[in-house]
Ligand SMILES: Cc1ncc(COP(=O)(O)O)c(C=O)c1O
């Protein structure tokens, strides 16, 4: 098990202060460091956001939006909870584990998204990490998770499916078997990227019917609504009530609720984006392999590849090629870069930049 060498507060995206320090105009920079649908939000979703009435308080139960998500997923709306982005829901789940987890630790399957660990630190919940092996391409190893859960006193496990930054995920049969083998462990499944991945059919698995699963999803990535802050959790009604008890009222604005309702009417927007992005990832990763870099297999639309010094290569690509990629140092992987596929011009810049650095 690893300590926590990662900086859980670092995220992708343009940093205006860094650009100013380097004397770079943000307008000329292309960004492969974030994994949001590059096609943007659907026009009908944008119209719904603009039309939303903001003079009065939002429906604090998000009732219509919960019903819209429930009918899109064939799931009881009583098992749906909306949040101010999925990260807010993750923090609320961690807060609940702190209150009622009996002081037992949260197991984090890493290397992964840092927010659950940040939340554990903030709420003083003990937390341990089980890192997947680099030699296995960071494949999610259900057997090792199994052994760790059987041997440890963990009250819960955080599993990102597909994982950020590695793009790896468990197949659905393995995932269900793992959950069933540990009925006393709470599974926090982060499925923020599921709908844009090759494992998207898992979105239809009714995992929230397991009383020990909270699955957290986001409209940030597939519907490109990062700035609006909208995500949702699927869980047992008991868990929904427990998560809700951790948060202030009105966490989900009226425009965000309207966007969720409108987004549920646009499954083709996500399907088309997924088909395009997966094909783009396959093409880009093959081109990076052809340049001699080691690429980690991915189920998502982003992927990792190995470089000598990720921070140095990142800065070089930014300075010379006006291209932002994600150094994975903050995930505890200082020799890996993560890039998202989908922007042909940015991909070309990446390949040009990597050509100069061929190993
Ligand atoms: C794995 C993962 N989960 C959740 C989130 C948070 O997404 P949201 O915008 O829904 O809060 C992110 C953001 O990068 C992420 O990478």
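The values are calculated or read from the model by the stated rules, or taken from the named source; none is laboratory data. Note that the structure is predicted; figures quoted are calculated from it, not measured. Because the Cβ atoms are built from the backbone with ideal geometry, glycine has one as well, and the counts that use them run over all protein chains shown.
The residue of region 203-225 that is nearest to the ligand (Cβ to nearest atom), among those that are within 30 Å of residue 43 (Cα to Cα) and outside any loop (DSSP other than H, G, I, E, B), is 218.
Could you say whether any residue in region 293-300 is in contact with a strand residue (DSSP E or B) (Cβ under 7 Å, 6 or more places away or on another chain) and without any contact (Cβ under 8 Å) to a residue 12 or more places away in the chain? Yes, that holds for at least one residue. None of 270, 288 is in a helix (DSSP H, G or I), modelled with pLDDT of 95 or more and farther than 27 Å from residue 116 by Cα except 288. Of all residue pairs spaced 6 or more apart or on separate chains, those with beta-carbon atoms under 8 Å, a first member in region 215-227 that is at positive phi and a second member that is more than 7 Å from the ligand (Cβ to nearest atom) are 224/36; 224/37; 224/38; 224/39; 224/40; 224/41.
The helices (runs of 4 or more DSSP H) found wholly in region 43-144 and carrying at least 3 residues that are surrounded by 20 or more Cβ atoms within 10 Å (Cβ to Cβ) and within 16 Å of the ligand (Cβ to nearest atom) occupy 86-100, 115-123.
Screening residue 39 against (1) at pLDDT 95 or above; (2) surrounded by 11 or more Cβ atoms within 10 Å (Cβ to Cβ) leaves a single unmet condition, (1).
Let's see how each residue does on (1) within 19 Å of the chain's Cα centre (by Cα); (2) buried (at least 18 other Cβ atoms within 10 Å of the Cβ); (3) within 16 Å of the ligand (Cβ to nearest atom):
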| site | (1), (2), (3) |
| --- | --- |
| 227 | yes, no, yes |
| 233 | yes, yes, yes |
| 250 | no, no, no |
| 277 | yes, yes, yes |
| 294 | no, no, no |
| 297 | yes, no, no |
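For region 28-42: of the residues being assigned to a loop (DSSP other than H, G, I, E, B) and touching a strand residue (DSSP E or B) at 6+ places or on another chain (Cβ under 7 Å), which is farthest from the ligand (Cβ to nearest atom)? The selected residue is 29. Scanning region 31-54 for residues that are in contact with a helix residue (DSSP H, G or I) (Cβ under 9 Å, 6 or more places away or on another chain) and farther than 20 Å from residue 346 by Cβ gives 42, 44, 45, 46, 47, 48, 49, 50, 51, 52, 53, 54. Within region 4-34, the residues that satisfy the criterion of being at pLDDT 90 or above and closer than 22 Å to residue 342 by Cα are 26, 27, 28, 29, 30, 31, 32, 33. Scanning region 187-224 for residues that are surrounded by fewer than 24 Cβ atoms within 10 Å (Cβ to Cβ), more than 20 Å from residue 168 (Cβ to Cβ) and more than 12 Å from the chain's Cα centre (by Cα) gives 204, 206, 208, 209, 210, 211, 212, 224.
Could we say that residue 280 is out of contact with any strand residue (DSSP E or B) (no Cβ under 7 Å at 6 or more places or on another chain) and within 30 Å of residue 306 (Cα to Cα) here? Criteria met by residue 280. Residue check: is residue 153 outside any helix (DSSP H, G or I), more than 12 Å from the ligand (Cβ to nearest atom) and surrounded by fewer than 18 Cβ atoms within 10 Å (Cβ to Cβ)? For residue 153, the condition - outside any helix (DSSP H, G or I), more than 12 Å from the ligand (Cβ to nearest atom) and surrounded by fewer than 18 Cβ atoms within 10 Å (Cβ to Cβ) - is met.
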